[in-house]
Amino acid sequence: MLVKTYSAAVIGLEATTITIEVNMTKGMIFRLSGLADTAVKESYDRICAALPNIGFRAPTANLTINLSPADLKKEGSGFDLPMAVGILAADGKVAAQRLSEYMMVSELGLDGKLKPVQAVLPVAIRARKDKFKGLIVPKENIHEAAIVNNLDVYGMENLADVVAFLNGNGGYEPMIVDTRKEFYERQYSFDLDFSDVKGQESVKRALEVAAAGGHNLIMIGPPGSGKSMMAKRLPSILPPLSLAESLETTQIYSVAGKLPQDTSLISQRPFRSPHHTISQVALVGGGNTPQPGEISLAHNGVLFLDELPELNRSVLEVLRQPLEDRSISISRAKYSIEYPASFMFVASMNPCPCGYYGDPTHHCVCTPGQIQRYMNKISGPLLDRIDIHCEIQAVPFSELSKMQPGEPSAVIRERVIAARKRQEERFSSLPANTGGVKGRIHCNAQMTERMLHKFAEPDTASLDMLRLAMERLKLSARAYSRILKVARTIADLAGSEQVQSMHIAEAIGYRNLDRGDWAERGM
């Protein structure tokens, strides 16, 4: 007897429907075809052990299972459930009439229990796209799959429940999630707030400008000056995620297997802070089994790299292309995948190897040559892609001892949202994929050169000031563009339609590391 069940294989962020064809004849041979990896090949052993433990006998017959399309590699344990159901249906234990209506994905325990798997959300999206009536998943994955509307999602405890459901027994009901309610309820709940930060007003201003325009930022200061503390609070002042952004981010976390249990949609912008020993593959993604890297997990959020010069130089250099293109293409001999990577890049570093260059309370023991070598660990092209350079000094005791809290994140966030709204209105008339930028332009950091001339053209006085700064600081053409983008954001925060000299002056002040004499100051 020949029966068919359905599952899906996920490559990158996209799922492809897989048809599991099970043919049973007299004999005692098992065959599996369809380019299956080791985990899929071991499914038959798990199935044979699980069936007796839920009251069924493993069939004694010739079994041929084909995973179609046969030229697409199948990986992981998610095919256990549809293969087990196919075997039972071929043996007459499951009614075959309803199999074509449901897609299934789950690992199978030896006791018949359904175990959670990764990448259930792309599978649910594929099931709806291919017009399946429903999707059967483990209970642990039900919140993740149920956010897809117009699809009945059933969370099952074990294989016996699935058999009873497909045979029309039991009162099983699909999971219903009020996606919008859950999403909006969790958007404004933050554990970290800028009210905890004492002093550092100039740094908080720089972070506000960065959040308002989606600009990349680097903080340079001695140990204990609050660089990491403020970076961790950056998501609390960023504009809230839209539903489309949330779904895209949730899909990435689903594929990576990093979606928290009992979570349907990610409602807050992600904040990723990998250790400085991270490898290239862990940062950009890839591997034998393709997985999103940290830059994709930070999509629509913040990637924070602490102790930037301590990262391997080759690891830092792979950031250059994603920072420009806002996506990462991973090409290997067997696959080519593109992951989204539109994130705010925030970094922090000490000003010198000992950490106390320029600190009035500590003596720096580094020579200018040591400081220059330390700074040279970060290439000029990478620094050019960072819009805002912000120097930090340790907070004096007089500020730390104040009991009065700082400005709360909610107040700063309102100003950021208002500035972003001005940018959305400005770019709303532009078509998608303008100037080579994928998707729509949402913030000033994404503007192209042509847009700068249209939306951020400075007046005569501002242009003279900018020309003088370019000559004295020996800035690159890319730095010129960064200054105009930041000035446009500062103008938006001030509610000004025209970029004025005061906005240009503040933006120039955020290019400290471009100064040729930076390592000699104060020596």
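The values are calculated or read from the model by the stated rules, or taken from the named source; none is laboratory data. These figures come from a predicted structure and were not determined experimentally. We place every Cβ from the backbone using ideal geometry, glycine too, and count neighbours over all the protein chains shown. Side chains included, ligands, DNA and RNA excluded: accessible areas come from the protein's heavy atoms. Shrake-Rupley method; radii C 1.70, N 1.55, O 1.52, S 1.80 Å.
With pairing defined as another cysteine C-beta under 4.7 Å, the cysteines of the chain that fail it are Cys48, Cys354, Cys364, Cys390, Cys443. For Ser68 and Arg180, the difference between the fully extended length at 0.36 nm per residue and the C-alpha to C-alpha distance is 36.7 nm.
Once the Cβ-Cβ distance of Asp325 and Arg98 is raised to the sixth power relative to R0 = 56 Å, the FRET efficiency obtained is 0.80.
Report the trypsin sites (Lys or Arg not before Pro) located in the stretch 117-155 that are in a DSSP loop and have at most 12 other Cβ atoms inside 10 Å of their Cβ, or state none. Qualifying residues, ordered by number: Lys131.
Bridgeable aspartates and glutamates around Lys4 (alpha carbons under 16 Å apart, same-chain partners fewer than 8 residues away excluded): Glu21, Asp80, Asp91, Glu101, Asp130. Taking the three principal axes of the alpha carbon atoms in the stretch 68-176, the coordinate ranges are 37, 32, 26 Å, sorted in descending order.
Every Cα-Cα pair in the stretch 58-125 was counted, and those over 17 Å apart are 51% of them. Think of the stretch 43-194 as having a plus end and a minus end, set by charges on the Cβ of Lys, Arg, Asp and Glu; of Gln118, Met103, Asn158, Met103 sits farthest toward the positive end of this dipole. Just need log10 I(q)/I(0) for the stretch 232-369 at q = 0.20 Å⁻¹, Debye formula, equal scatterers on the alpha-carbon atoms, no solvent, rounded to two decimals. So the normalised log intensities are -1.20. Counting only protein heavy atoms and a probe of 1.4 Å, the accessible surface of the chain is 51% carbon and sulfur. Using a probe of 1.4 Å on the protein chains alone, the accessible area found for Lys93 is around 80 Å².
With only the Cα atoms considered, the stretch 274-346 has a convex hull volume of 82 Å³ per residue.
Can you put Asp191, Asp152, Asp359 in order of accessible area, largest first, using a 1.4 Å probe? It would help to have the intermediate numbers written out before the result.
Values: Asp191 155, Asp152 50, Asp359 15 Å².
Most to least solvent-accessible, the answer reads Asp191, Asp152, Asp359.
By a 1.4 Å probe calculation restricted to protein chains, Glu424 has an accessible surface near 80 Å², given to the nearest 10. Checked against a 31 Å cut-off, the cross-linked pairs Lys73/Lys377; Lys232/Lys454; Lys377/Lys485; Lys139/Lys232; Lys129/Lys258 give Cα-Cα distances beyond that limit for Lys73/Lys377; Lys232/Lys454; Lys139/Lys232. Counting only protein chain heavy atoms and rolling a 1.4 Å probe, the accessible areas of Val365, Val281 rank, largest first, as Val365, Val281. Comparing Leu297, Gly224, His143 along the charge dipole axis of the chain, the residue lying farthest to the positive side is Leu297, per the Cβ-charge model.
Most tightly packed first, judged by the mean number of other beta-carbon atoms within 10 Å of their residues, the peptides 311-322, 449-460, 210-221 read 210-221, 311-322, 449-460.
Of all alpha-carbon pairs in the chain, indicate the percentage at a distance above 44 angstrom. When every Cα pair of the chain is considered, 29 percent fall beyond 44 Å. Ordering Phe56, Ile417, Ile87 by Cα displacement along the dipole of the chain toward the positive end leaves Ile87 in first place; charges were set at the Cβ atoms of Lys, Arg (+1) and Asp, Glu (-1). Accessible surface area normalised per residue over the chain is 44 Å², counting heavy atoms of protein chains with a 1.4 Å rolling probe. Placing a pseudo-label 7 Å from each Cα along the Cα-to-Cβ vector at Leu468 and Phe30 gives an inter-label distance of 8.1 nm.
Please give the Cα centre distance for the stretch 319-363 versus the stretch 16-79, rounded to the nearest Å. Computed from Cα coordinates, the inter-centre distance equals 44 Å.
Note on the chain: with charges restricted to the Cβ of Lys and Arg (+1) and Asp and Glu (-1), its dipole about the Cα centre is near 780 debye. Taking the helices alone, the chain has a mean residue ellipticity at 222 nm of -10000 deg cm²/dmol, built from -39,500 (n - 2.57) per DSSP H run of at least 4 residues and averaged over all its residues. By a 1.4 Å probe calculation restricted to protein chains, His143 has an accessible surface near 40 Å², given to the nearest 10.
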